[in-house]
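Visitor: Below is the structure I would like to discuss, written out as structure tokens.
None of the figures in this text is laboratory data; all of them are computed from the coordinates on show. Here the structure is a predicted model, which is why all the values come from computation and not from measurement. Cβ placement follows ideal geometry from the backbone for every residue including glycine, while neighbour counts extend to all protein chains displayed.
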Amino acid sequence: MFLTETLTPASNLPRPPDAGPDLARFPVVEMGSAYHAGYAFAWCAAMRRVLARHEPFILLDARTNAQGAEETEEDRRARRCWFASNAVLLHQLCRGYITVEPDIAQRCDARSTALALLGQPGLRVMVVSNVNVAQQLAVVLLKTDAQPSSRVGQATTRRRRLI
């Protein structure tokens, strides 16, 4: 008698906590569900795979402090370095970084935290109230041009010339 097993497809298996971003819904790249110490190494490896696709994408960070611990300074530093070292390709491919923050009082802080993490002017950074709004916004951003920073810079330059 042979033992038969039913195999579960990899897409149906639960994700380990250090798996990094979820690429199942690409081009929307969802961050992991919660922070845990030491996750940045896996996160950086997964993000290298995202950039290797050479396709436009959206980064969606729906993690909240209620879901897990605060991000450690070491992990934050590692992610900040990754964003800095991949700035050129990130500007070409990333259509936006969307953070979900349900608390209206915390949204401004969430935006400034995201901007500090990215450390790059020109990337669209948005903070929304829930995941549904974030997903709708992601669809709109994916239909837009790359980064609008060059047009904004041109408008600012023209304005300065007029003054």
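Visitor: Among 44, 108, 94, which comes first, second and so on when ranked by fewest other beta-carbon atoms within 10 Å?
Guide: 108, 44, 94
Visitor: Report the FRET efficiency, 1/(1 + (r/R0)^6), for residue 142 and residue 77, where r is their Cβ-Cβ distance and R0 is 22 Å, rounded to 0.05.
Guide: After rounding, the FRET efficiency stands at 0.15.
Visitor: For the residues 28, 88, 131, what sequence is obtained by ranking on other C-beta atoms within 10 Å, fewest first?
Guide: 88, 131, 28
Visitor: Collect residues whose amide H, placed 1.01 Å from N in the peptide plane, falls under 5 Å from the amide H of residue 99; neighbours closer than 5 in sequence don't count.
Guide: 61, 126, 127, 128
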